[in-house]
Amino acid sequence: NDETVLKWFRLVWCRHPGALLKLRSMLILNSFRSHITDRVKKAVADSGCELVVILGRLTPILQPLDVALNKPFKDRMCAFYNEWLQQENPKTTTGKLKRTFSVMAQ
């Protein structure tokens, strides 16, 4: 919902380098309904930022890194994680999975 978008905008975007100085910036979002509500548009405009909305089905054309790098990376990570979940993994004394930071960082 737009409340989540607004929270992200305040906590992340409005704290990027230059945000406090109100340096010119552009926020590019897809046309997901929560991204383009009047509340979100107003918050972005009030921050002095320019909102650019990518229309549906244009991601492969306008965001080549999302298609060429991010999607394959996410797919591989998801496959790795699912494979890991199916293995016999060490558990704590209460039966929960032990943390495996070293495995994920390899």
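The values are calculated or read from the model by the stated rules, or taken from the named source; none is laboratory data. Source: prediction; values computed, not measured. Backbone-built Cβ (ideal geometry, glycine too); neighbour counts: all protein chains shown.
Summary of computed values
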quantity: Filter result for residue 74 (at pLDDT 80 or above and not assigned by TED's automatic domain parsing to the domain that holds residue 28); calculated: yes
quantity: Yes/no for residue 67 being in a helix (DSSP H, G or I), free of Cβ contacts under 8 Å to residues at least 60 places away in the same chain and touching a helix residue (DSSP H, G or I) at 6+ places or on another chain (Cβ under 9 Å); calculated: yes
quantity: Residue among 31, 47 that is small (Gly, Ala, Ser) and touching a Leu at 6+ places or on another chain (Cβ under 6 Å); calculated: 31
quantity: Residue within the stretch 75-88 that is surrounded by 10 or more Cβ atoms within 10 Å (Cβ to Cβ) and either within 29 Å of residue 19 (Cβ to Cβ) or touching a residue at least 60 places away in the same chain (Cβ under 8 Å) (or both) present; calculated: no
quantity: Candidate set from the stretch 1-32 (those that are polar (S, T, N, Q) and assigned to a loop (DSSP other than H, G, I, E, B)); member that is surrounded by the most Cβ atoms within 10 Å (Cβ to Cβ); calculated: 25
